[in-house]
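Trainee: Questions regarding the structure given below will be posed in turn.
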Amino acid sequence: MVSGQMLPWRTVLRSTRNSALRHRIVSATYSTSVLQPSYSHQTLSNFDQPTYYSAQTRPFTSALQWRKERAADDIPEPIPVKDNPENHTDERKEAEKEEGNAEVSLKAKRASDSTAGDTKGSSNSGSGGESGSGSGDGGRKGGKKTSTEKAIQKPVVPEVYPQVMAIPIAKRPLFPGFYKAITVRDKHVIAAIQEMMRRGQPYVGAFLFKDENADKDIIESPDDVHEVGVFAQITSAFPVSGEPDSITVVLYPHRRIKISKLIPPKPANSQDALVTIDVTESEQELPRAQGTTEKSGDVVASFEESSTSPTGVQPYEPTAFLRDYPISLVDVDNLVEEKYDKKSPVIRAVTSEIVSVFREVAQLNHLFRDQISTFTLTQSAGNVHEEPAKLADFAAAVSTGEIRELQDVLEAMNIEERLTKALMVLKKELMNAQLQSKISKDVENKIQKRQREYWLMEQMKGIRRELGIESDGKDKLVEKFREKANKLAMPEAVKKTFEEELSKLAHLEPAASEFNVTRNYLDWLTQIPWGQQSAENFGIKNAMTVLDDDHHGLKDVKDRILEFIAVGKLRGTVEGKILCFVGPPGVGKTSIGKSIARALNRQYYRFSVGGLTDVAEIKGHRRTYVGALPGRIIQALKKCQTENPLILIDEVDKIGRGHQGDPSSALLELLDPEQNNSFLDHYMDVPVNLSKVLFVCTANMTDTIPRPLLDRMELIQLSGYVADEKMAIAERFLAPAAKELSGLKDVDVALNKDAIEELINKYCRESGVRNLKKQIEKVYRKSALNIIRDLGEEVFSEDKALTVEGKAAQEESRKNDSDVKETPEAIDKETTATPRHGLKVPDGVHVSIDCHNLKDYVGPPVFTSDRLYETTPPGVAMGLAWTSMGGAALYVESILENALNHLSRPGLERTGNLKNVMRESAWIAYSFAKSVVARLFPENQFFEKAKVHLHCPEGAVQKDGPSAGITMATSLLSLALDKPLDPTIAMTGELTVTGKVLRIGGLREKTVAARRAGAKTIIFPADNTSDWLELPENIKEGIDGHAASWYSDVFDLVFPNIDAGHANNIWKAQLKKPDHWTPQSMKHDKEVEEPEAD
């Protein structure tokens, strides 16, 4: 239920009355005790048109009739009646003749009404509703009323109406005497309202929801609403615009009522037997018996009628027809106000205070002023002190107070109490109005102040211009942009856009919102280095010197940069290239980019795209957005101020994807040499040439890089470092940097070579050198702490370390006793730019770190041996894996789960967090191993009886990839032949069911991992021979590489000189059947084994 606005009730009645006089709508005749209420004849479009009783309908009532003398200006509103055009043609003609003479006819008919009323009253009482005799003119004079006479009858609301349809309302209650519009959406309630209006019984009970958020048209429980409401009359109903299944109902409350019983809504499909009255039949019989042609009014409900009913007619229940609808019906009692003394000083005082508050509110709120004026004009009594109850209702009706307070006013039957509560509500309304007025005045004062300042500034500018002191700031801005553009070699398309935007800026007012947008755009347009390039250095020796000074190794990367420089030296210029360095963390991918920029004498700009989900970071925002900015590429050109910088895009394999687009797709245009010569940023909206930019991307792995993007880049693999490379890097770069960072640059602290070697072998076995750098820094930090502890605080006192400014700031800080989490008010006095300087360590200090005392600095070793197995048992083989962290040694273990006998059953169990590819490889290796044993050693029945468990250690790490086939097959054959393998043999390669060894990836990283694990022999697929030959000699040093095309090559290397007879007979003793064995004993053995299996 949606509440509407308050409507001036007298205005609605007056407009409806005038409309009735103009259109001469025929009103129904009522019983003298209860008359039909008035309506506004709104058309219910989009709904079924309500069918009203015609004027020939016989009124069903048993009450005595009487007629009240009425004033000439007290004209009631008509009831809309569905008329038959043929029946009322004459009547409309008569109305047109008499319309201009309405006032005279009203006075003439008042006398005839009195005579006719007496005649009709006696006739009705004698014959139970007989209308009198005569027809034509005589009938009109003797008792028949014209349409004008019927239209001026005054509606009377029934005083007793014990059962009504209940309509719940929300937000605020209704008060007697004040209109309110509500919206009804329930189709059954709408149908019931239409039927009530058709029958001339438009009376409902309106009760307030206890829940402010409730929105229903039916009361399901008495606890849902307040028990005190109002008895209201439906004055009009019309459809809601835009909601075809809803109507707006205007209610006029008459009095207060209270729910005594709720008749809950019945289901829509229920059909109860109801006592009904055939009104049509009565209409047909009575005129025949009485011989009258008088038109009667609608059937009107009245609970004040006599209990005596006409003979042969059942008692009529006016609301019985509503029981056919699934709506809420309630039994109600009228609430009577307590008697009060109008001359009571308390009542008069509170009334006067309410009137005074009304005056104050009216001065602050114009809406209140209009409502008070309407209330004063429509008040029947000239003095509000005569009707204090109505004044209290008006105060509550127009106030926006709390719902509970307004309901309390409605429930108050004591007039003094009601006035007090209404005064409290009105006082709060006054406070709100005063606060609103204050806020409005403050805002108005601020606006006036700003307007005054703006006007004075404009006057000042005009005076300065007249005196020639300074020119307009906009003109200076335009001139500045033009000067900057003249220094740039803008392309024609960009120059045209620049001139258009500059012309628009010159015609815009500085106060306009678009002025700042255009100025910012021109600022960006003139800060891009159009046609400006840095002078590149194409010296080969210089590049080699720079790259060797910054990095050790990385021969492939350095060769590619030298090729790039050589082409530039011959051509005089080079186009931009897209390089992608792929390798494990800590191998120098990001730092090599900065070294390349230094070698080429190019400007350097780096940004990371890891986790990036917004395309605008690459392509920029549209200028229509508030705070729009260009993308990172345009920002790089602005920062570097050159068209040929080196832009490093870091973590390109970790780009995200979100609802704001796919940044990896935006990089397709950026990193394509065929397209980036006219890169279009969303903010700039002009083509920008990026073909001279050298793009360098970094990634840990290529699996997550989209294929189209990967195809546009030139990949350069950076494998991990071996031990001698790590040693050189630590001695040349890591140790000196860590020593200086720890404040020991000029101190005799020596990190010996054997200590670095110990760190590499037993603490830092990863592919990169990042962890090695952390450990070396830890060694020097611990050395600094030991020096201070040994020499004491006296040598390194705080007074020597603090500067003069630092001592003053420390003194101010000691005065402050506030919590460290709170920023002190005098923080500027407690801070300084240089609070302290470093202290020098005495010359006599000497510290040496070697492999013997290294654990005092970094703790016990992490790795205690080179390999997981110094001596491998049967069933264990060393494989090699390649991950994003570099290469790693991956062992494969196979064991026999149960003891072998002639009744054993075969099986294979796989563990170690293996993913789909490796699980497939395990089944292929198991099948192939069985075929090898069956072919070479047919008497060996190991796989026919053995239940094998295959496992890859470190089960917390997921393992997948097509390179463990020959390792798994070798492990299973080692177990089947009961022959251990050489622990220094490592192998990698995928296996097919026929024994073909397939190509693998990451041979360089796997070789480095095998070298770290102490392997002496590596078996790899023959298809990877070219990769093996390209490996640097320092990596292959001490390792014997063997290429294998088929598994037979692998078998000959891992099982040399195997004794076939021993291999055939190794499990024969365990699998031999006992001499006393019979099928019955096998059955008995199965019965014994079954409980164990359970």
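Trainee: Counting other Cβ atoms within 10 Å, which GluC sites (Glu not before Pro) in region 420-493 have at most 15 and lie in a DSSP loop?
Mentor: Working: sites: 429, 444, 453, 458, 466, 470, 479, 483, 492; in loops: 470.
Passing sites in region 420-493 are 470.
Trainee: Further question on the same structure: What are the ³J(HN,Hα) values, in whole Hz, obtained from phi via the Karplus relation 6.51 cos²θ - 1.76 cosθ + 1.60 with θ = phi - 60°, for each residue of region 228-239 in sequence order, with x given for Gly and Pro?
Mentor: 9, x, 10, 8, 10, 10, 7, 8, 6, 8, 8, x
Trainee: While we're on this one: Accessible area per residue for region 702-811 in Å², computed with a 1.4 Å probe and the full protein assembly in place, what is it?
Mentor: Details: 5700 Å² over 110 residues.
Heavy-atom accessible area per residue stands at 52 Å².
Trainee: May I pose another question? Evaluate 2.2 N^0.38 Å with N set to the residue count of region 808-862, then give the Cα radius of gyration divided by it. Mind dumping the intermediate values first?
Mentor: Working: Rg = 20.8 Å, N = 55, 2.2 N^0.38 = 10.1 Å.
For region 808-862, the normalised Cα radius of gyration is 2.06.
Trainee: Under 1.5 on a/c is rounded, so check that first for region 417-506, then, if it is not, pick prolate when a/b is larger than b/c and oblate when it is not; a ≥ b ≥ c are the square roots of the alpha carbon gyration tensor eigenvalues.
Mentor: It is oblate, given that a/c is not under 1.5 and a/b is not larger than b/c.
Trainee: For region 470-598, what does the accessible surface come to per residue with a 1.4 Å probe? Please give it in Å².
Mentor: Result: 51 Å² of accessible area for each residue.
Trainee: Then there's this: Quick check: at a probe of 1.4 Å, how many percent of the accessible area of region 422-472 sits on carbon and sulfur atoms?
Mentor: With neighbouring chains kept in place, the figure for region 422-472 is 57 percent.
Trainee: Cβ under 13 Å from residue 700's Cβ, residue 700 left aside: what net charge do those residues give with Lys, Arg +1 and Asp, Glu -1?
Mentor: Around residue 700, the charge tally is -3.
Trainee: Net charge near residue 436, counting Lys/Arg +1 and Asp/Glu -1 over other residues with Cβ under 12 Å of its Cβ?
Mentor: Local net charge: 0.
Trainee: If you look at just the Cα atoms of region 648-700, how large are its Rg and its Dmax in Å?
Mentor: 12.1, 35
Trainee: Still on this structure, I have one more. In Å and on Cα atoms, what radius of gyration and Dmax does region 733-865 show?
Mentor: In order Rg, Dmax, the Cα atoms of region 733-865 give 19.6, 59 Å.
Trainee: Residue 813: accessible area at probe 1.4 Å, nearest 10 Å²?
Mentor: 50 Å²
Trainee: Okay, moving on. Any idea of the accessible area per residue across region 201-261, 1.4 Å probe, to the nearest Å²?
Mentor: On the way: 2290 Å² over 61 residues.
Spelled out: the 1.4 Å probe surface of region 201-261, per residue, equals 38 Å².
Trainee: Roughly how many percent of the accessible protein surface of region 528-663 is carbon and sulfur, given a 1.4 Å probe and a whole-percent answer?
Mentor: Percent of accessible area from carbon and sulfur atoms in region 528-663: 50.
Trainee: Can you pull the accessible area of residue 555 for me, 1.4 Å probe, Å² to the nearest 10?
Mentor: Accessible surface of residue 555 is approximately 140 Å².
Trainee: For region 932-943, in order, what is each residue's ³J(HN,Hα) by Karplus, 6.51 cos²θ - 1.76 cosθ + 1.60 with θ = phi - 60°, in whole Hz (x at glycine and Pro)?
Mentor: For region 932-943, the Karplus curve yields 5, 5, 5, 7, 8, 10, x, 7, 7, 9, 4, 6 Hz.
Trainee: Net charge near residue 642, counting Lys/Arg +1 and Asp/Glu -1 over other residues with Cβ under 12 Å of its Cβ?
Mentor: +2
The values are calculated or read from the model by the stated rules, or taken from the named source; none is laboratory data. No experiment lies behind these values; they were computed from the predicted model shown. In this analysis, Cβ positions are derived from the backbone assuming ideal geometry, glycine residues included, and neighbour counts consider all displayed protein chains. All accessible areas refer to the heavy atoms of the entire protein, side chains included, with ligands and DNA or RNA removed. Shrake-Rupley method; radii C 1.70, N 1.55, O 1.52, S 1.80 Å.
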